[in-house]
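The values are calculated or read from the model by the stated rules, or taken from the named source; none is laboratory data. Keep in mind that what you see is a predicted model, and the values were worked out from it rather than measured. Virtual Cβ from ideal backbone geometry, glycine too; neighbours counted across all protein chains shown.
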Amino acid sequence: MGAITITSLQAIVPELYLGSMAILLLMVAVYKSKAIGNDILSCAFIAFVLTALFFCQNLGGNYTSYFNGMFATDSFIVLAKLLITISAALVLLVSSSWLKEEGGKPSEFLVLMMLSTLGMLLMVSANDLLTLYMALEMSSLALYVLAAFNRDNAKSSEAGLKYFVLGSLASGMMLFGMSLVYGFAGTTSFAALSTLFGNAAPISMGVVVGLVLIMVGFCFKLSAVPFHMWTPDVYEGAPTPVTAFFATAPKIAALALFTRLLIYPFGHLFAQWQQVVIFASVGSLFVGALGAIAQTSIKRLLAYSSIGHVGFMLMGLASGNAAGVQAMLIYLALYIFMSVGAFGCVLLMRRNGEYVEKISDLAGLSQTRPLLAATLALMLFSMTGIPPLAGFAGKMYVIIATLEAGLAWLAVAGVIAGVIGGYYYLKVVKVMYFDAPAEPLDTKTPRSIKLALALCTVVTLFFFIAPTPLVASAKLAAQALLNGN
């Protein structure tokens, strides 16, 4: 192991800053527990915003590796990290009122959220199978605790236990796959694996089996079929802010790292892994679309919805080209705002001070809370893919990239699944606008949620006016991944 240089430390300044802030807030919470409240929430939010600004200023960098090739950065990695920190900041905005009123000790939630995000940032930059696994576990351990954050709630405890047990199984399979790759290839370095597989020598079947096991672990983290079974129960049982976090940041990190892993070290095994990705994509599209139809809980409906959206994202990865990766990144970025916007609306579903989650509780919402009904309808229409909303643009880019890759049947499957998905989204809109009003929901809307919903609404509604910054950044990131390594 070579010496740690100033250049290497400069490359991880955002991670060092976020980790230091998490430790600092933890110490403040321990020794000044009675003096915190809005202050610690503000500090955590500022930490995420400053980290995002750092990544925003460093978009467009070339591929560079540090720490003897264990850590890497390029345009793709920086954009993924930017999306992770933006999603964490938005989730924190919609969570602030819940933390003050229902969340017990907000300091614990914030520290866990920051440490999990730190693990995600390290995941995306992982340039070695060992670094990948350590960062993945750092992120996952905090997520297990967050899922069971409401210790006095049976559903939350059940969600945390299910997520932990199944997550441990997936991690074990992933680690076994890594050991097989190392045993047959003799290295864990992404660069060395890419060089090895690029030679004309035949690929050992042991390496292929190892790769499949690694992909199983990632499919679990993405809640992709057939490893999606934990998603509805965990989404329903976990506190709503935690569910909003699960639906965004971990998916971005897992999909970004999954893409880097398949395109960079295993890029020469495209014929082998493309079949698995296509299977996971098609399965996720239709399980997500069909599974949501019978749901009566809005959180379970959004859980199946997230499975379907993962199917669309995997369509871009299955294309295996720059256009597909670009489309996947665009979809990921827009999905953040649609998902956080939807869960922000769910957090406003309170009646007599108690949170409600049934779709039937939204009956006649357009008459009692017209602005909330309009915002939720907008997010659902966007997820459906109705033009000219942001969701339509995301699906359009993915379908075009799939067609260009010669996977016309996969594009048709995506369109069919999207049409089926439109049914359950419109079912919720129908309840809000055409059913007889139920008992009115509480009218209190905290400023932080107003701000978050306003940002999500602006992006969702007006993305088509100025898509260039995101499209150009995604194109640069995709080219860096496919050409720069």
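List every residue pair whose Cβ atoms sit under 7 Å apart, with the two residues 6 or more apart in sequence or on different chains, where the first one lies in the range 322-337 and is closer than 16 Å to Val277 by Cβ and the second, anywhere, is part of a helix (DSSP H, G or I) and among the acidic types (Asp, Glu). Close Cβ pairs satisfying both conditions: Ala323/Glu404.
Of the residues Leu403, Leu461, Leu451, the single one that is free of Cβ contacts under 8 Å to residues at least 40 places away in the same chain, surrounded by fewer than 21 Cβ atoms within 10 Å (Cβ to Cβ) and in contact with a helix residue (DSSP H, G or I) (Cβ under 7 Å, 6 or more places away or on another chain) is Leu403. Here Asn483 fulfils each of the conditions (1) under 26 Å from Ala244 (Cα atoms); (2) over 21 Å from the mean Cα position of the chain (by Cα); (3) surrounded by fewer than 19 Cβ atoms within 10 Å (Cβ to Cβ) apart from (1).
Looking only at the range 439-467, residues that are under 17 Å from Phe392 (Cβ atoms) and in a helix (DSSP H, G or I) come to 10 in all. Among the residues of the range 353-397, those that are of a type in the set (Gly, Ala, Ser), buried (at least 20 other Cβ atoms within 10 Å of the Cβ) and farther than 15 Å from Lys427 by Cβ comprise Ser382, Gly385, Ala390, Gly391, Ala393, Gly394.
Every listed requirement among (1) over 28 Å from Gly237 (Cα atoms); (2) in contact (Cβ under 8 Å) with a residue 40 or more places away in the chain is met by Val412 save one, (2).
Of all residues in the range 37-93, which are in a helix (DSSP H, G or I), of a type in the set (Phe, Trp, Tyr) and touching a residue at least 60 places away in the same chain (Cβ under 8 Å)? Answer for the range 37-93, where residues must be in a helix (DSSP H, G or I), of a type in the set (Phe, Trp, Tyr) and touching a residue at least 60 places away in the same chain (Cβ under 8 Å): Phe48, Phe76.
Keeping to the range 59-88, report how many residues are surrounded by fewer than 22 Cβ atoms within 10 Å (Cβ to Cβ) and modelled with pLDDT of 90 or more. Of the residues in that region, 0 qualify. Of the helices (runs of 4 or more DSSP H) lying entirely inside the range 207-284, those carrying at least 3 residues that are among the hydrophobic types (A, V, I, L, M, F, W, C) and crowded, with 24+ Cβ neighbours inside 10 Å are 240-247, 249-263. Scanning the range 182-227 for residues that are over 20 Å from Ala126 (Cβ atoms) and of a type in the set (Ser, Thr, Tyr) yields Ser204, Ser223.
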